[in-house]
Amino acid sequence: MSDEPAPVDDPRRTTAKPFILAVSIVAIMMIGIVVSAMLRPAEEVRSDAEQLNASASDFVRASNNDDAQAVDRMICDGFVEDRSPIAGRGGEVRVEEVTNAVVNGNDATADVRIDAGDDKGPATSTWKFVQGDGRWLVCT
């Protein structure tokens, strides 16, 4: 026999198994989140009222900036500029509020409150929208 003592397990010695397991779980969760985000576009997450609010605000912003190309992409075929709810308003028009959104298939209405800081003051009118090109188009 030899005089060498039998090896004793070092209590400071650790394994990488718990760390590798934790990293694997986090990686799987991150992949799941990314795949979920890719399969569900942002438009599906927003409510109809939020989509109508965005369409009205985008239309007003494009009109304020005299961006005819953008306005053309945001209006329906039957849109008449002279009857636009922002026609005749002086100053920069702002959408203050969109309420009472009602969606019926590809058609929708909402009460839109605008203000231009002009002498006419805030005004609320019912805007009509139609679904087209994957978004709500202003028709009123």
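The values are calculated or read from the model by the stated rules, or taken from the named source; none is laboratory data. Predicted model only: the values in this text are computed from it and were never measured. All Cβ positions, glycine included, derive from the backbone under ideal geometry; neighbour counts span all protein chains shown.
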Any chance GLY121 is within 14 Å of VAL60 (Cα to Cα), exposed (fewer than 12 other Cβ atoms within 10 Å of the Cβ) and either touching a Phe, Trp or Tyr at 6+ places or on another chain (Cβ under 6 Å) or not aromatic (Phe, Trp, Tyr) (or both): no
Within the stretch 67-95, can you find the residues that are in contact (Cβ under 8 Å) with a residue 12 or more places away in the chain and outside any loop (DSSP other than H, G, I, E, B)? ALA70, VAL71, ARG73, MET74, ILE75, ARG83, ARG94, VAL95
Could you please find all residues in the stretch 96-118 being assigned to a strand (DSSP E or B) and of a type outside the set (A, V, I, L, M, F, W, C)? GLU96, GLU97, THR99, ASN100, ASN104, ASP107, THR109, ASP111, ARG113, ASP115
Being of a type in the set (Asp, Glu) and in a helix (DSSP H, G or I) is the filter; apply it to the stretch 45-66 and report the residue that is modelled with the highest pLDDT. ASP58
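Yes/no per residue for (1) crowded, with 19+ Cβ neighbours inside 10 Å; (2) not β-branched (Val, Ile, Thr):
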residue	(1), (2)
PHE59	yes, yes
ASP66	no, yes
VAL71	yes, no
ILE75	yes, no
ARG83	no, yes
GLY88	no, yes
ARG94	no, yes
VAL98	yes, no
VAL103	no, no
Among (1) assigned by TED's automatic domain parsing to the domain that holds GLY134; (2) part of a helix (DSSP H, G or I); (3) over 24 Å from ASP133 (Cβ atoms), ILE20 falls short only on (1)
Is there any pair linking a residue in the stretch 96-117 that is free of Cβ contacts under 8 Å to residues at least 40 places away in the same chain to one that is surrounded by fewer than 17 Cβ atoms within 10 Å (Cβ to Cβ) and of a type in the set (A, V, I, L, M), with Cβ under 8 Å and at least six apart or on different chains, and which? THR109/VAL102; ARG113/ALA123; ASP115/ALA123
Taking the stretch 82-140 as the region of interest, how many residues are of a type in the set (Asp, Glu) and farther than 25 Å from ARG46 by Cβ? 4
Under 7 Å between Cβ atoms, at least 6 apart or on separate chains: pull out the pairs that start in the stretch 123-140 with a residue that is farther than 12 Å from ASP77 by Cα and end on any residue that is basic (Lys, Arg). THR124/ARG113
